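What follows is a single structure, written as structure tokens, with notes after it.
The values are calculated or read from the model by the stated rules, or taken from the named source; none is laboratory data. Given the structure is predicted, the values throughout are model-derived calculations rather than measurements. Note: ideal-geometry Cβ built from the backbone for every residue, glycine included; neighbour counts use all protein chains shown.
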Amino acid sequence: MSWEYCCPRCKVMLNPTRSVILCAAHKKTRVMIGLSPQLGKYNVYLPPGVEAKDGQVWDFSCPMCHESLQTEPDSNLCELGLCVEGDQIKVLFSRVAGEHATFVVGKEKARKYGEHKDRYDVG
């Protein structure tokens with residue numbers, strides 16, 4: 001199955017390699033970050049010397065258009081587009097370091113992943 005993550009604003013593909021590539025910022029720290037594209041896997045790839053401590057709230061943006069990925073229904077969630085075999089759906093994920101909560105929102109009821117998924121009221 002071929003999955004392509006994209007920016008919900010400019011539609012650029014965000015996973016040209018084995019990671020979903022995003023811009024991330026916390027206070028004065030600004031970096032490129034890699035996230036696992038596999039739903040329910042929470043591997044994070046940070047540059048050497050950068051640490052994401054549990055509980056820190058990070059801002060994520062598209063590396064191409066630089067628009068924020070923060071979204072509703074909760075300010076602690078970010079949104080990506082996901083094309084699965086031609087169908088476009090959205091993926092919401094927590095921007096809180098150490099919090100494992102991901103939601104796939106399509107035509108049917110949202111699929112929920114992660115040990116902290118019940119902290120959010122997503123469809």
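What the table below lists for this structure:
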{"read-out": "Residue check for Arg95: basic (Lys, Arg) and in contact with a Cys (Cβ under 9 Å, 6 or more places away or on another chain)", "value": "yes"}
{"read-out": "Filter result (over 16 Å from Leu39 (Cα atoms) and in contact (Cβ under 8 Å) with a residue 40 or more places away in the chain) within segment 1-16", "value": "Cys7, Pro8, Arg9, Cys10, Lys11, Val12"}
{"read-out": "Hits in segment 44-63 - residues which are of a type in the set (Phe, Trp, Tyr) and either modelled with pLDDT under 95 or farther than 13 Å from Ala25 by Cβ (or both)", "value": "Tyr45"}
{"read-out": "Options Ser68, Ser36, Ser61, Ser19; residue that is free of Cβ contacts under 8 Å to residues at least 12 places away in the same chain and surrounded by 13 or more Cβ atoms within 10 Å (Cβ to Cβ)", "value": "Ser68"}
{"read-out": "Residue match in segment 39-48 (condition: more than 15 Å from the chain's Cα centre (by Cα) and either of a type in the set (Lys, Arg) or over 18 Å from Trp3 (Cα atoms) (or both))", "value": "yes"}
{"read-out": "Residues of segment 24-33 satisfying the condition of being of a type outside the set (Lys, Arg) and surrounded by fewer than 18 Cβ atoms within 10 Å (Cβ to Cβ)", "value": "Ala25, His26, Thr29, Val31, Met32"}
{"read-out": "Pick from segment 64-88, criterion among the charged types (D, E, K, R) and at pLDDT below 95, ranking: nearest to Trp3 (Cα to Cα)", "value": "Glu85"}
{"read-out": "Matching residues, segment 71-123, being closer than 24 Å to Met13 by Cβ, of a type in the set (D, E, K, R) and outside any loop (DSSP other than H, G, I, E, B)", "value": "Glu79, Asp87, Lys90, Arg111"}
{"read-out": "Members of segment 90-112 found to be closer than 19 Å to Ala52 by Cβ and surrounded by fewer than 18 Cβ atoms within 10 Å (Cβ to Cβ), listed by number", "value": "Ala97, Gly98, His100"}
{"read-out": "Residue among Lys107, Lys27 that alone is at positive phi, among the charged types (D, E, K, R) and out of contact with any Phe, Trp or Tyr (no Cβ under 8 Å at 6 or more places or on another chain)", "value": "Lys27"}
